[in-house]
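These notes are about the structure you will find just below.
The values are calculated or read from the model by the stated rules, or taken from the named source; none is laboratory data. Predicted, not measured: the structure shown is a model, and the values here were computed from it. Positions of Cβ are generated from backbone atoms using ideal geometry, with glycine treated the same way; all protein chains shown enter the neighbour counts. Ligands, DNA and RNA are stripped out before the accessible areas are found, and what is left, the full protein with its side chains, is counted by its heavy atoms. Shrake-Rupley method; radii C 1.70, N 1.55, O 1.52, S 1.80 Å.
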Amino acid sequence: LILAQGCGDLARLSGLCQARPGFIRPYDADFTQPLAVRAFLSDLTDSYPAPTHFVHLAALRPLETPYAAFDEERFVAERAVALDSALILCKAFLPKMAAAGAGQVLFPDRQAGGQAASACILQGALDGLARALAAEYAPSGVTVRCAAPDVIAAGGF
């Protein structure tokens, strides 16, 4: 079973759904809103067993701006999507993976979707989160790491 988040446009997932008929469950949740992430999580945990793999590629669409034009409101939204949602989802999934004795979590090693400064800030936070979770959950058989987007797309778990 593959769960995919639609970013406000589930039609963009149609090719993926057609390529894997019956295996894909598309969702649309606004990851800028913590309540929407929690509702998404509630539906997942009520409907499906604990995941064996979790790939978190959530990011807003890229916006190239110089630092002089840094938009603090957009940064709050970028942080909610890329980092806050990862914290919420990992808090729910990792203990279940650990109880099962196996699992893998992947974050991107190049944060996309933000202003240049915010992308660097968020990537540093995701790197730190991955290192901390890896150290904590490795004894339970759970791997947590950052990987290049092309490795993730190729199924490089």
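Things worth noting here:
- Qualifying residues in the range 29-57 (those that are hydrophobic (A, V, I, L, M, F, W, C) and within 13 Å of the chain's Cα centre (by Cα)) - the one surrounded by the fewest Cβ atoms within 10 Å (Cβ to Cβ): Leu57
- Every pair of residues 6+ apart whose Cβ atoms lie under 6 Å, when the first sits in the range 44-57 and is under 17 Å from Ala98 (Cβ atoms) and at pLDDT 85 or above while the second is β-branched (Val, Ile, Thr) and not in a loop (DSSP other than H, G, I, E, B): Phe54/Val105
- Filter result for the condition that a residue is within 14 Å of the chain's Cα centre (by Cα) and open to solvent by 80 Å² or more (accessible area, probe 1.4 Å), over Lys96, Lys91: Lys91
- Scanning the range 5-63 for residues that are β-branched (Val, Ile, Thr) and touching a strand residue (DSSP E or B) at 6+ places or on another chain (Cβ under 6 Å) yields Ile24, Thr52, Val55.
- For the condition closer than 25 Å to Gln33 by Cβ, among the polar types (S, T, N, Q) and modelled with pLDDT of 90 or more, Ser140 does not qualify.
- Failed item, numbered, when Leu60 is tested on (1) surrounded by 15 or more Cβ atoms within 10 Å (Cβ to Cβ); (2) in contact with a Leu (Cβ under 8 Å, 6 or more places away or on another chain); (3) touching a residue at least 40 places away in the same chain (Cβ under 8 Å): (2)
- On inspection, Ala68 does not qualify as open to solvent by less than 70 Å² (accessible area, probe 1.4 Å), under 26 Å from Cys120 (Cβ atoms) and among the small types (Gly, Ala, Ser).
- Of all residues in the range 71-86, those being under 10 Å from the mean Cα position of the chain (by Cα) and exposed (fewer than 14 other Cβ atoms within 10 Å of the Cβ) number 0.
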